[in-house]
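The values are calculated or read from the model by the stated rules, or taken from the named source; none is laboratory data. Because the structure is predicted, anything quoted here is derived from the model rather than measured. Every residue, glycine as well, gets a Cβ built from its backbone with ideal geometry; the counts of neighbours run over all protein chains shown. These area figures cover heavy atoms from the full protein model, side chains too; ligands, DNA and RNA do not enter into them. Shrake-Rupley method; radii C 1.70, N 1.55, O 1.52, S 1.80 Å.
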Amino acid sequence: MTAKLAKKLAATDPVVGSWVSVGHPSVAEVTAQVDFDTVVIDLEHTPTSLETVQSMVHAVEAADGDTEPLIRVPSNDRVFIKRVLDTGPAGIIVPMVDSPEEAREIVESTQYPPEGARGIAGSRATGYGQNLEEYVTSANDSILTLVQIETEKAVDRAEDIAAVDGIDALFVGPADLSGAMDMFGRWGSEAFAEALETVVESAHDVGTPVGTLALREADIQARVDQGFDFLVVGKDTKYIADESRRFKQLYENYAP
């Protein structure tokens, strides 16, 4: 872990990442070779096991460049968060966080005592115990903790959530938020844009950066214009589908 990602987020420097939902180290590694700032490994909506996650984290770190892995965990589960952090990522993203109370629980799960309640062990993150003291001493200041804003309740409380000590950034989940607003997929709607802008402004009022996922070129431009500090642009399955469709069409254009 280089902690470069943490420094860029803290300084609100532009950060760009990619989303990986295919649970295979090769997919994580080839994505990291593009030299994104981060590769987000999704565990909320995938069947990926922790053993595979650890191999994917290792693959990202082994790629040339400074790409660092973030892991989107399935939920605010203290035991699972502990086990994920033991694989050695730069940090975690936790979905469906609606209140500052939940955010404080998450921070407690990521921090070693006395600040938090994370258990100490000789895991991969600590060099299998060889760097235990060094890691435990530094981890509380280097592990990134991001929480997702995905409901109208979370939008309303975005400033309070962003203000929780130990929350490094907010991350808007556009699909779930638009669904919660009963306008799924209406990315260009005025109400959806207002909700996004509310989150950005609320977080910035307390000095917390905000990111989101952008799957279309138009979304990238729109989110930059709305003031988002970092974007996860595209995802592995969409890259595969889009390029497969494009090359199939190229063949059909030339075929007799």
| task | Might you let me know whether region 28-36 holds any residue that is among the small types (Gly, Ala, Ser) and assigned to a helix (DSSP H, G or I)? | result | yes
| message | Can you tell me which of (1) within 27 Å of residue 35 (Cα to Cα); (2) open to solvent by 70 Å² or more (accessible area, probe 1.4 Å) is the one residue 160 doesn't meet? | response | (1)
| said: Being within 19 Å of residue 148 (Cα to Cα), assigned to a helix (DSSP H, G or I) and open to solvent by 10 Å² or more (accessible area, probe 1.4 Å) is the filter here; which residues of region 80-99 pass it? | reply: 80, 82
| field | Residue list for region 1-24, restricted to those being surrounded by fewer than 18 Cβ atoms within 10 Å (Cβ to Cβ) and either without any contact (Cβ under 8 Å) to a residue 60 or more places away in the chain or more than 21 Å from residue 219 (Cα to Cα) (or both) | value | 2, 3, 4, 7, 10, 11, 13, 22, 24
| query | From the set of residues in region 169-193 that are over 22 Å from the mean Cα position of the chain (by Cα) and within 15 Å of residue 218 (Cβ to Cβ), which is surrounded by the fewest Cβ atoms within 10 Å (Cβ to Cβ)? | reply | 188
| Conditions (1) touching a Ser or Thr at 6+ places or on another chain (Cβ under 8 Å); (2) modelled with pLDDT of 95 or more; (3) within 24 Å of residue 136 (Cα to Cα); (4) surrounded by fewer than 20 Cβ atoms within 10 Å (Cβ to Cβ); number of the one not met by residue 66 | (2)
| field | Subset of region 48-63 [open to solvent by less than 30 Å² (accessible area, probe 1.4 Å) and closer than 17 Å to residue 139 by Cβ] | value | 57
| Out of all the residues in region 198-239, which are under 24 Å from residue 6 (Cβ atoms), assigned to a helix (DSSP H, G or I), among the charged types (D, E, K, R) and open to solvent by 30 Å² or more (accessible area, probe 1.4 Å)? | 201, 205
